[in-house]
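Here's the structure we're looking at; comments come further down.
The values are calculated or read from the model by the stated rules, or taken from the named source; none is laboratory data. Keep in mind the model is a prediction, meaning the values are calculated, not measured. Positions of Cβ are generated from backbone atoms using ideal geometry, with glycine treated the same way; all protein chains shown enter the neighbour counts. Surface accessibility is based on the protein's heavy atoms, side chains included, excluding ligands, DNA and RNA. Shrake-Rupley method; radii C 1.70, N 1.55, O 1.52, S 1.80 Å.
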Amino acid sequence: MDKHTTIVWLLPIVFMLHDFEEIIFFKSWLNKNKAYLAKRFPQIPQWVWTHADSLSTPAFALAVAEEFVLLSLIVWGSVLWGNYVLWLAAFMGFFIHLLVHLGQWVVLRRYIPAIVTTFPSLTYGAYVLYTLVTHHLFQISEMALWALVGLGILVPNLVVAHKLGAWLDRKQKHMQPT
């Protein structure tokens with residue numbers, strides 16, 4: 001396996017290591033910070049806070065698992081068929097996601113669940129971008145286009161993943177004895 005294939009296979013691993021931090025710490029962090037966040041960002045609709053607060057850790061983990069499975073299938077298919085444009089879209093979506101976390105951390109000026117693993121994940125991402133550019137694997141214009149495609153996939157999939165998590169929470173509430 002050459003180094004180019006290795007960086008492709010590393011994407012789901014880096015994704016999961018990063019998202020472990022979010023799964024483990026998000027709920028307790030939100031419980032401690034939701035009043036501060038709602039006061040600091042009154043322009044964010046209340047339903048966003050309600051939804052985030054209502055998701056249990058298992059529901060959030062299921063949402064992440066759905067994203068991980070989709071990402072893994074994209075990586076597997078890209079390597080199998082030797083066509084890396086969907087992988088590039090997924091990578092660019094993930095990289096932009098990391099930049100959003102970095103921005104959240106800068107704006108909040110305090111720990112957010114994801115920032116610790118954002119830094120090594122960004123290092124991987126920077127290395128990938130460097131490799132793609134210096135080895136002429138993709139043109140900058142292609143990378144920009146596939147970044148847009150990646151966001152076009154990531155945003156609706158994030159909605160689906162969170163609906164899946166909410167479904168799990170409803171199912172668990174139904175199964176609890178009264």
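Need the list of lysines near residue 171 for cross-linking: C-alpha distance under 30 angstrom, and skip anything on the same chain fewer than eight residues off.
Once the sequence-local lysines are set aside, what remains near residue 171 is 27, 32, 34, 163.
At 0.36 nm per residue, minus the direct Cα-Cα distance, what do residue 167 and residue 102 gain on full extension? Give it in nm, one decimal, please. Before the final figure, lay out each step's value.
On the way: separation 65, 0.36 × 65 = 23.40 nm, distance 2.98 nm.
Length gained between residue 167 and residue 102: 20.4 nm.
Go ahead and run the numbers for FRET between residue 149 and residue 35, Cβ-Cβ distance against an R0 of 35 Å, rounding to 0.05.
After rounding, the FRET efficiency stands at 0.40.
Given the -39500 (n - 2.57) contribution per DSSP H run of 4+ residues, what per-residue ellipticity at 222 nm results for the chain, rounded to the nearest 500 deg cm²/dmol? Could you put the intermediate results ahead of the total?
On the way: 6 runs with 152 residues, N = 178.
The helix contribution divided over the chain gives -30500 deg cm²/dmol.
Give the aspartates and glutamates whose C-alpha is closer than 18 Å to that of residue 39, dropping any in the same chain fewer than 8 places away, or say none.
Straight-line reach from residue 39, under 18 Å: 53.
Kyte-Doolittle cut-off 0.5, length cut-off 24 Å along the helix's own axis using Cα: show which whole DSSP H helices in the chain pass. Mind showing how you got there, number by number?
Numbers: long enough: 3-40 (47 Å, 0.19); 57-81 (36 Å, 1.60); 85-108 (34 Å, 1.90); 115-134 (28 Å, 1.15); 140-175 (51 Å, 0.59).
Those that clear 24 Å and a mean of 0.5 are 57-81, 85-108, 115-134, 140-175.
For the chain, what is the accessible area per residue in Å² when the probe is 1.4 Å? Can you show the working numbers first?
Working: 10360 Å² over 178 residues.
Using a 1.4 Å probe on heavy atoms only, each residue of the chain averages 58 Å².
How big, in percent, is the set of alpha carbon pairs in region 52-134 lying more than 20 Å apart?
On the way: 1612 of 3403 pairs.
Tail fraction, whole percent: 47.
Sorted from largest down, give the three principal axis spans of the alpha carbons of region 94-178, whole angstrom values.
62, 30, 19 Å, listed from the longest principal axis down.
Once the Cα gyration tensor of region 24-91 is found, what semi-axes does its equivalent ellipsoid get, as square roots of 5 times the eigenvalues, in whole Å, sorted largest first? Show your work: numbers first, answer last.
Values: eigenvalues 237, 41, 16 Å².
In descending order the semi-axes read 34, 14, 9 Å.
Translational diffusion coefficient of the chain at 20 °C, 1.002 mPa s, Stokes-Einstein with Kirkwood Rh over Cα pairs, in µm²/s as a whole number.
Roughly 122 µm²/s, to the nearest whole number.
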